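Let me begin by presenting the structure, written as structure tokens, before commenting on it.
The values are calculated or read from the model by the stated rules, or taken from the named source; none is laboratory data. Just so you know, these numbers come straight off a predicted model, no measurement behind them. Ideal geometry is used to build each Cβ from the backbone, glycine not excepted, and the neighbour counts take in all protein chains shown.
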Amino acid sequence: MKKLVLLFLLFIISFYKCNVLKGKENTIALLPPPANVTVTDITPTSVTVSWTPQIGTGSTVSYNKVGLPGSGGTTYTTSSSITITNLTQCTTYEVKVSYVQAGGGYSAPVIFTTPMWYCMENSTATITPYLYASNVTLNATDLPAMVSNSTGTKAYADYRSDSTRKVKLVRGSSNNTISATKAGPAAQNPTTIGIWIDYNGDRSFDSTERILYSSNSTDINPVATFSVPQQAGQVDCKVAMRVISNTTPYFSNCGPTAEIQDYEVEFIDAVSLNVNEREIVNREINTYPNPVADILNFSGASEITDYEIYNAAG
């Protein structure tokens, strides 16, 4: 009798465990693929991919050149991020992530483009420079200004993936202005600061591409005016603007003794600019209801224009 009871209990326990495990498997199988895949730290040869991890399952990361299946690779990881290396500069890739045990397939692909490679001898230096550009301001003709503030905590700052610091210029334009503010322990001494734009996309900064140069000067905020060549940026990859600050007038465009900042440059044709300008000028701003009691609605306002609103009392 005791044996029968024991066998009955074992049967119940086994049945319960089986159903619990089956339920867990079904729960995992219903998990959707990651919906928050992001790419950061994009360099000419690498990128970091991140997503939200799922307990109980690893992840598979797959990447390829856009339009070329099988041109990349697939990696399994139990982490929530991975750095993909051995990429090609000036190439557009897509990356997607899947929870391995979830069975929900891959996430929507995330598209990114690797930037152009530029020489940089001090890209990994951790020293704090004696001189650096704390502010770089570029006022482009017919376009919003680009303002970049820096703290000078490292010898090299790559801002090319920062959309708020993107430089936009009109091909063939003139009267563009660029300024840089010197900072650091050596800022009050005779120092040198230079700014170049790689107009022809040959990955070097030539003397003809220099738009500001203040050599061995005590001017703490040098300013220059420059024109943009009509054929600037006729390459498949975004070029860079390089800002170099140094305590001496002798330095290499690749470092290693100077503080260097790189910015992405986008060139716009004047024809395209004029179309966009007409759309903004001709856009009518409507308000409703009128008269108003407590809430007034606006439509047709431009996001690149500042507005001030007053009531009847001013």
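In table form, for the structure just shown:
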| item | result |
| --- | --- |
| Condition check for residue 99: touching a Leu at 6+ places or on another chain (Cβ under 7 Å), modelled with pLDDT of 90 or more and outside the structural domain of residue 160 (by the TED database) | yes |
| Residue within region 114-128 that is out of contact with any Asp or Glu (no Cβ under 7 Å at 6 or more places or on another chain), assigned to a strand (DSSP E or B) and of a type in the set (A, V, I, L, M, F, W, C) present | no |
| Answer residue from region 152-178, given it is small (Gly, Ala, Ser) and over 24 Å from residue 234 (Cβ atoms) and is modelled with the highest pLDDT among those | 157 |
| Residue among 257, 208 that is surrounded by fewer than 20 Cβ atoms within 10 Å (Cβ to Cβ) and modelled with pLDDT under 90 | 257 |
| Exclusive hit being within 16 Å of residue 134 (Cβ to Cβ), more than 22 Å from the chain's Cα centre (by Cα) and not β-branched (Val, Ile, Thr), set 252, 227, 214, 207 | 214 |
| Members of region 68-96 that are hydroxyl-bearing (Ser, Thr, Tyr) and closer than 23 Å to residue 239 by Cβ | 88, 91, 92, 93 |
